[in-house]
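**Student:** Handing you a structure now.
The values are calculated or read from the model by the stated rules, or taken from the named source; none is laboratory data. These numbers come from a predicted model, not from an experiment. Virtual Cβ from ideal backbone geometry, glycine too; neighbours counted across all protein chains shown.
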Amino acid sequence: MNEKLCVLAGPASKDLAKSVSNILGAELIDVELKIFPDGESKVRIDGDLDGKFAVIVQSTYPPVDAHLMQSLFIIGKARKMGASVCAVIPYLAYARQDKEFVQGEAVSMELIGSLFNSSGGKNIITVDIHSEIALSQFTVPAYNVSCIPLLANYFKSQKLTKPVVASPDLGGSARAEEFAKIIGISAISLPKSRNRNTGEVRIEESKLSADVKGRDVILVDDIISTGASIVKATEVLRRLGCGKVYATCAHALLVNNALDKIRSAGVTEVVGTNTVPSAVSKVDVAPAICDQISKIAK
Ligand code: R5P
């Protein structure tokens, strides 16, 4: 056990923090949470942090703003208690609003970056952050680790028929290609567009040239939120005569009964990670996080 190293289990990421502390052989310190009747959060760190290198693990999945504020409170308090803080934010909310897509929109990620930069954390680690632009909002050293190799390894051992990897949109093509390369198969990307005002997802079938007939498809995305992207992609792929459809992602937010909708669309299995604890958290991202911590904590 490294006496100087400790892992703080934020209320949103208790299991992941435990897994991180097991791999690092570091003390696990609990963070107590009280939610007041008006919705405000109060956190309390139950341990001695003076002179320690404290790894704080707290994801910001829904309720997004509560988890976000809790993470900032924990980082600030740990710093005041004398720790050198490494903030692990496995799922970083607001990273999708990294631009002014429609005139007048706030670039939410700019403020999120400022909040973390001034919170007292020395380093930040995220897992499969939505974009490089989002990552660039941090002025403290920020590292994004990929869980794509871990997800790909999960599928490596599955018996699939002539599998092909698909990204539901063109923006995710590099991710799909990385995933496919690990398994040793090919990747395609679907021409998805989203109406910025209504949120409606469309896939232009006429622009899709790949032959998926009789082939099992693994849809790979960074986030599954409402499931609309996966449902649309599955509908298109099934019309083209594909075999089974699997869906995998780093962050399975699964809001608004997304899992039911995805299953009803005909998806055989959904595979997510423990950045967002859920029924589909089948892959532990702790090894990827710990590799990065080991480099920083040297
Ligand atoms: C979009 O750019 C992201 O990579 C995901 O495809 C998107 O956030 C998924 O959202 P939903 O499940 O609501 O379609």
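**Student:** So, Leu190, is that one more than 11 Å from the ligand (Cβ to nearest atom) and touching a residue at least 24 places away in the same chain (Cβ under 8 Å) or not?
**Tutor:** Criteria not met by Leu190.
**Student:** Can you tell which of Thr234, Thr226 is within 14 Å of the ligand (Cβ to nearest atom), assigned to a helix (DSSP H, G or I) and modelled with pLDDT of 95 or more?
**Tutor:** Thr234
**Student:** Leu72 versus (1) under 26 Å from Ile296 (Cα atoms); (2) exposed (fewer than 15 other Cβ atoms within 10 Å of the Cβ): which is the lone unmet condition?
**Tutor:** Result: Leu72 passes all but (2).
**Student:** Same structure again: Criterion first (in contact with a strand residue (DSSP E or B) (Cβ under 9 Å, 6 or more places away or on another chain), closer than 18 Å to Cys249 by Cα and in the same structural domain as Gln58 (by TED's automatic domain parsing)) does Glu177 satisfy it?
**Tutor:** no
**Student:** Then there is this: Could you please tell me which pairs satisfy a Cβ distance under 6 Å, a separation of 6+ or placement on different chains, a first residue in the range 76-87 that is in the same structural domain as Gly47 (by TED's automatic domain parsing) and outside any loop (DSSP other than H, G, I, E, B), and a second residue that is surrounded by fewer than 24 Cβ atoms within 10 Å (Cβ to Cβ) and aromatic (Phe, Trp, Tyr)?
**Tutor:** As it stands, the answer is Ser84/Phe53, since those pairs meet every condition given.
Residue by residue, here is whether (1) surrounded by 19 or more Cβ atoms within 10 Å (Cβ to Cβ); (2) touching a residue at least 12 places away in the same chain (Cβ under 8 Å); (3) closer than 30 Å to Ala87 by Cα holds:
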site: Pro141; (1), (2), (3): no, yes, yes
site: Lys159; (1), (2), (3): no, no, no
site: Ala166; (1), (2), (3): yes, yes, no
site: Ser173; (1), (2), (3): no, yes, yes
site: Ala180; (1), (2), (3): yes, yes, no
site: Glu204; (1), (2), (3): no, yes, no
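**Student:** Would you check if Cys242 is out of contact with any Phe, Trp or Tyr (no Cβ under 7 Å at 6 or more places or on another chain), away from the ligand (no atom under 14 Å from the Cβ), under 28 Å from Val88 (Cα atoms) and not in a strand (DSSP E or B)?
**Tutor:** When the stated conditions are applied, Cys242 does not pass them.
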